[in-house]
1. Tally up the residues in segment 50-62 that are farther than 15 Å from residue 111 by Cα and either in contact (Cβ under 8 Å) with a residue 12 or more places away in the chain or not in a loop (DSSP other than H, G, I, E, B) (or both), please.
2. Hey, can you tell me all the residues within segment 14-65 that are modelled with pLDDT of 95 or more and among the hydroxyl-bearing types (Ser, Thr, Tyr)?
3. Cβ-Cβ below 6 Å, separation at least six or inter-chain, first residue in segment 72-84 and more than 11 Å from residue 108 (Cβ to Cβ), second assigned to a strand (DSSP E or B): which pairs?
Amino acid sequence: MKIKKLFAISLLPIAMNLFSCNEIESNADYKNEVVFEKALNDGEDVVDKTVQFLVKEVKFTVFEEYNLWAGEHLNFVSKTEPECKKGDHVVVKVTKTYLFLGSHMIEYVDLTVL
């Protein structure tokens with residue numbers, strides 16, 4: 001029994017390391033899209049704040065904008081082609097937000113891929 005306990009304890013640092021590899025540290029004001037969307041829905045002023053999110057899809061829209069889709073109602077839009085791809089974690093600075101057909105449209109600058 002003592003050997004099993006020692007073995008389990010010795011694996012603990014390895015297991016903790018594996019799980020922490022999925023975390024990406026940034027100095028963003030909003031650490032993920034869920035927290036950011038809640039702030040938008042609560043009416044918080046998010047202009048000039050930074051947000052970190054996972055790019056779920058990159059689209060070119062009929063409005064001739066690039067849309068970094070971060071969720072059902074989160075669309076980060078820019079006229080400039082983003083230097084990121086689906087699956088990237090990015091941080092952007094919000095310059096403007098508005099609602100369009102029930103979805104948040106978020107204009108941004110300073111895109112950084114993590």
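The values are calculated or read from the model by the stated rules, or taken from the named source; none is laboratory data. This one's a predicted model, so the numbers in the text were calculated from it and none came from an experiment. Note: ideal-geometry Cβ built from the backbone for every residue, glycine included; neighbour counts use all protein chains shown.
1. Number satisfying all stated conditions: 5.
2. 30, 50
3. 73/103; 73/104; 74/104; 81/66; 84/90; 84/113
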